[in-house]
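Worksheet: the structure to be examined is printed underneath.
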Amino acid sequence: MTAKFRSIRLAACVLTSLIAVPALAGSAADGVSASEPFVRMVPPGMATSGAFMTLKNADDKDHKLMKADSPVAKAVELHTHINEGGVMKMRPVKDIEIKAKGEAVLKPGGLHVMLIGLKQELKEGDSVPVTLTFEDGSSKKVDAPVRRIQTEMKMDMKPGMQMDMKPGMQMDMKHDHEHMH
Ligand SMILES: [Cu+2]
């Protein structure tokens, strides 16, 4: 391989990592649409946040979201929440299934795209690019605005479920420990 050829290949690699690959007709990225994406606003200094959206599958076959990437975080994982004796805990999931003609809802307290090690402060109204990659390797870029979602966290709490902390805040701190150890 010539040096020139190598540099072209390198340039192509850099380009594909910077620019979202356009969805090819018939690909999973073509069949799945992401509606109402948003990223949760977190206080300055907080190292983690989450991205949420509804993934709709227009195809006759199931699709899977395999991974997500975002330039605002050092690492991005697919997570879900499980309720263990009244305590909400997060668990990484290997993929998120979007059934044929169905949808997968990523929402606070449920499935989410976890942004770990934020590289920048997320201000309300900022747009966070999130690239979703599907089972066939196709991907699409979603621009998720940063929003405050405190009230939605409250809705996830059952009456009688005691929380001696501010909704949202401390739960995220706990996430930090899980990821930072
Ligand atoms: Cu998480």
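The values are calculated or read from the model by the stated rules, or taken from the named source; none is laboratory data. All values derive from a computational prediction rather than experimental measurement. In this analysis, Cβ positions are derived from the backbone assuming ideal geometry, glycine residues included, and neighbour counts consider all displayed protein chains.
Below are the figures for this structure:
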| item | result |
| --- | --- |
| Identity of the residue in segment 47-58, among the aliphatic types (A, V, I, L, M) and either in a loop (DSSP other than H, G, I, E, B) or within 16 Å of the ligand (Cβ to nearest atom) (or both), that ends up surrounded by the fewest Cβ atoms within 10 Å (Cβ to Cβ) | 58 |
| Out of 97, 77, 84, 135, sole residue that is within 22 Å of residue 27 (Cα to Cα) and free of Cβ contacts under 8 Å to residues at least 40 places away in the same chain | 97 |
| Hey, residue 35 more than 15 Å from the ligand (Cβ to nearest atom) and at pLDDT 95 or above or not | yes |
| Filter pass, residue 80 being among the polar types (S, T, N, Q), within 15 Å of the ligand (Cβ to nearest atom) and in contact with a helix residue (DSSP H, G or I) (Cβ under 6 Å, 6 or more places away or on another chain) | no |
| Hits in segment 104-125 (condition: away from the ligand (no atom under 13 Å from the Cβ) and either surrounded by fewer than 16 Cβ atoms within 10 Å (Cβ to Cβ) or on the phi > 0 side of the Ramachandran plot (or both)) | 105, 119, 120, 121, 123, 124, 125 |
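A quick yes/no check of all residues on (1) modelled with pLDDT under 95; (2) over 29 Å from residue 45 (Cα atoms); (3) among the β-branched types (Val, Ile, Thr); (4) in a loop (DSSP other than H, G, I, E, B):
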| site | (1), (2), (3), (4) |
| --- | --- |
| 60 | no, yes, no, yes |
| 68 | no, no, no, no |
| 75 | no, no, no, no |
| 80 | no, no, yes, no |
| 101 | no, yes, no, yes |
| 105 | no, no, yes, no |
| 108 | yes, no, no, yes |
